[in-house]
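First comes the structure, then the notes that go with it.
The values are calculated or read from the model by the stated rules, or taken from the named source; none is laboratory data. All figures in this text were calculated on a predicted structure; none of them were measured in a lab. Backbone-built Cβ (ideal geometry, glycine too); neighbour counts: all protein chains shown. The area values use the complete protein model at the heavy-atom level, side chains included, leaving out ligands, DNA and RNA. Shrake-Rupley method; radii C 1.70, N 1.55, O 1.52, S 1.80 Å.
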Amino acid sequence: MLKVNNLEVYYGAIKALKGISFEVKSGTIVTLIGANGAGKTTTLRTISGLVKPKAGTIFFKDIDITKMEPHMIVQLGVVHVPEGRRVFPDLTVKENLELAAWTLKDKNRFKEKLEDVFELFPRLKEREKQLAGTLSGGEQQMLAFGRALMVDADLIMMDEPSMGLAPVLVEEIFDTIVKINKEGKTILLVEQNAEMALEIAHYAYVLEVGNIVFEGPAKEVKEDPKVKAAYLGA
Ligand code: ATP
């Protein structure tokens, strides 16, 4: 579904991605793990079209999206849940979800989607009219996730959904990722919480200062002694 080839990204003179290649197969959960500053967020921002690469290509469903504008990439079916769960704080929960649905042309489809999101996150339904800025961290993460689900996307990219959340909420969010995946969405998950990410992913890539240094089925990556020592606190 997604093929990234030899991607190089610079911020001025700093080379943040040094020619990375990876693939996300349709129907799978793929995780990209790595320490602070490894380039995980940069990778997602580049796929979304927010950062332009200096070299390399990105193909989504065999379409070259490398140079496409972000809004076109969303319309093709790639949606990004950014780090720090950015929602519009001064709009209500429902308004946040409405705004996210701009790619939907059909009004009925919008209602269906809204019901799906509320079924998945009943807590958002209860807080439909509450201003998003007054939601708890976990609820804001649910809303950010819900916004992504309002778009008819096939590939959902999530940047550190566990960040700053209590363990029980992290579990809830990860359960939801698994559920969404079982319903047919393909997921690219960026995480510092390697333990949890490897638990739910099918395949994993390890990123270290702009390079992919290791990859394999998540189960195998989890058992690798080097990965264990560096990322799993073993
Ligand atoms: P974290 O888990 O801490 O978010 P990350 O793996 O997501 O880390 P990135 O945010 O992609 O890492 O950053 C990769 C490198 O690029 C870092 O060295 C960072 O300082 C640098 N970088 C990121 N954004 C910019 C920017 N806008 N300008 C300059 N340097 C940047």
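Figures for the structure shown
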{"quantity": "Residue identified as out of contact with any Phe, Trp or Tyr (no Cβ under 9 Å at 6 or more places or on another chain), surrounded by fewer than 18 Cβ atoms within 10 Å (Cβ to Cβ) and modelled with pLDDT under 90 among Gly184, Gly233", "calculated": "Gly233"}
{"quantity": "Flag if Ala153 is of a type outside the set (Asp, Glu), surrounded by fewer than 18 Cβ atoms within 10 Å (Cβ to Cβ) and over 24 Å from Asn6 (Cα atoms)", "calculated": "no"}
{"quantity": "Residue match in segment 42-56 (condition: out of contact with any Lys or Arg (no Cβ under 7 Å at 6 or more places or on another chain), away from the ligand (no atom under 14 Å from the Cβ) and either in contact (Cβ under 8 Å) with a residue 40 or more places away in the chain or part of a helix (DSSP H, G or I) (or both))", "calculated": "yes"}
{"quantity": "Failed condition for Ile200, given (1) over 22 Å from Ala148 (Cα atoms); (2) touching a helix residue (DSSP H, G or I) at 6+ places or on another chain (Cβ under 6 Å); (3) of a type in the set (A, V, I, L, M, F, W, C)", "calculated": "(1)"}
{"quantity": "Residues of segment 187-224 satisfying the condition of being assigned to a loop (DSSP other than H, G, I, E, B), surrounded by fewer than 20 Cβ atoms within 10 Å (Cβ to Cβ), at negative phi and in contact (Cβ under 8 Å) with a residue 40 or more places away in the chain", "calculated": "Gln192, His202"}
{"quantity": "Segment 149-181: number of residues that are on the phi > 0 side of the Ramachandran plot and modelled with pLDDT under 90", "calculated": "1"}
{"quantity": "Check on Glu171, out of contact with any strand residue (DSSP E or B) (no Cβ under 7 Å at 6 or more places or on another chain), closer than 21 Å to Gly233 by Cα and more than 16 Å from the ligand (Cβ to nearest atom)", "calculated": "yes"}
{"quantity": "Residue that is farthest from Lys219 (Cα to Cα), among those in segment 28-38 that are open to solvent by 10 Å² or more (accessible area, probe 1.4 Å) and within 8 Å of the ligand (Cβ to nearest atom)", "calculated": "Gly37"}
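Okay, residues lined up against (1) in contact with a Ser or Thr (Cβ under 9 Å, 6 or more places away or on another chain); (2) closer than 21 Å to Val24 by Cβ; (3) among the hydrophobic types (A, V, I, L, M, F, W, C):
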site: Leu91; (1), (2), (3): no, no, yes
site: Leu99; (1), (2), (3): no, no, yes
site: Thr103; (1), (2), (3): no, yes, no
site: Lys129; (1), (2), (3): yes, no, no
site: Leu155; (1), (2), (3): yes, yes, yes
site: Pro167; (1), (2), (3): no, no, no
